[in-house]
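Structure record follows, encoded as structure tokens.
The values are calculated or read from the model by the stated rules, or taken from the named source; none is laboratory data. Since this is a predicted model, take the numbers as computed values, not measurements. Every residue, glycine as well, gets a Cβ built from its backbone with ideal geometry; the counts of neighbours run over all protein chains shown. SASA here: full protein model, heavy atoms, side chains in, ligands and nucleic acids out. Shrake-Rupley method; radii C 1.70, N 1.55, O 1.52, S 1.80 Å.
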Amino acid sequence: AGAKHVLADCGNHGGIGLYIIVNILKGASRVISKNKSIIISVLILWFYALITGMSPSVSRAVFMFSCLAFAQISGRSFNRINILFFSAFVLLLTNPFLLYDLGFQLSYMAMLGIFLFYDKLSSLLMPSNKILKWIWEGTCIGVSAQLTTIPIVLFNFHIFPNYFVITNIGMMFFAGAVLSTSISLVSIFWFGFLSKIISVILCFLLVTMLFFTRFIESLPGSSAGGFDLSFLLAFALFIVIGLL
């Protein structure tokens, strides 16, 4: 169904987690300064990366967020693509064999696609409605990431999810809702009755998410198979996409 990139432990979860943490700390702005709240957010993210096993995609996301956060604190201007490649450089210094890790490749190419194409795609349409705007922006992110990961996906998996745009829109909602509800459950687990209510909500969200992905997967023509790309053909496809 094209949902694995959202369900996998990835930078997307780190981004949602950062958004939640920053908004919580905004409520305590009288006690905690902006710079201190940024540092606390970064420390929590690194703790999250450690307890989830420091996978390449999470390490990339957390390291990038850290660089962006400290650039913001220092008041210096920064280039997103420079920070992306700098984080890749540092991770490869610690473990050069990450270059052959599929998660590392997909994670970095997806982010490169978003940085290269998202602004250009999203500027094509400016919906005034908030919901339509959210859907359009999510679609642009999904298409941008897919553009630069297509060669890797076809080379390694030999199939392409045709309805990835629809899946991406639905999974944007579920990923945020499930993660927020899970954090709420962990935060108030000692309140028996309230934690049971949140558990029921979380269970409902997970079952609905599973039903949604199964539904997309069951649609006619949900995936196109039979792709058998050589390395040279995959590399040529990268060049064609780069020419865009």
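When each of the peptides 215-222, 37-44 is scored by how many other beta carbons lie within 10 Å of its residues on average, the order from highest to lowest is 37-44, 215-222.
Only lysines eight or more places from K34 in sequence, or on another chain, were considered; those with a Cα closer than 28 Å are K26, K130.
Over the range 114-244, give the accessible area per residue in Å² for a 1.4 Å probe, as an integer.
Result: 62 Å² of accessible area for each residue.
Computed over the chain, the per-residue total of -39500 (n - 2.57) for DSSP H runs of n ≥ 4 gives a 222 nm mean residue ellipticity of -26000 deg cm²/dmol, rounded to 500. Take every pair of alpha-carbon atoms less than 8 Å apart whose residues are at least six positions apart; their mean separation over the length of the range 20-114 yields a relative contact order of 25 percent.
Length gained on full extension, L233 to I39: 65.4 nm, using 0.36 nm per residue less the C-alpha separation. Using the alpha-carbon positions of the range 152-244, Rg (one decimal) and Dmax (whole number) come out as 19.5, 59 Å.
Quote the relative contact order of the chain in percent (integer), defining contacts as alpha-carbon pairs under 8 Å separated by 6+ residues. Mind dumping the intermediate values first?
Details: 225 pairs, mean separation 56.5, N = 244.
It comes to 23 percent, rounded to a whole number.
The apolar share of the surface of the range 60-217, taken as the fraction of accessible area on carbon and sulfur atoms (1.4 Å probe, ligands and nucleic acids excluded), comes to 74 percent.
Here W190 and F70 are evaluated by their C-beta separation; at R0 = 41 Å the FRET efficiency comes out at 0.70. I241 contributes an accessible area of around 20 Å² to the protein surface, as traced by a 1.4 Å probe with all chains present.
What is the gain in length, in nm to one decimal, between C203 and L102 on full extension, counting 0.36 nm per residue of separation less the C-alpha to C-alpha distance? Before the final figure, lay out the partial values.
Numbers: separation 101, 0.36 × 101 = 36.36 nm, distance 3.09 nm.
Extending this stretch completely gives an extra 33.3 nm.
Counting heavy atoms of the protein chains alone, D119 has an accessible area of about 80 Å² for a 1.4 Å probe. Taking Kirkwood radius over Cα pairs in Å as calculated from this structure, the corresponding entry among [x] 21.5; [y] 18.4; [z] 19.8 is [z].
Arrange the residues C140, C203 by how much accessible surface each exposes, largest first, with a 1.4 angstrom probe. Write out the running numbers ahead of the final one.
Working: C140 5, C203 75 Å².
From most accessible down to least: C203, C140.
Amide H contacts under 5 Å for S223: N162, restricted to partners 5 or more places along the chain or on a different chain, H placed in the peptide plane at 1.01 Å from N.
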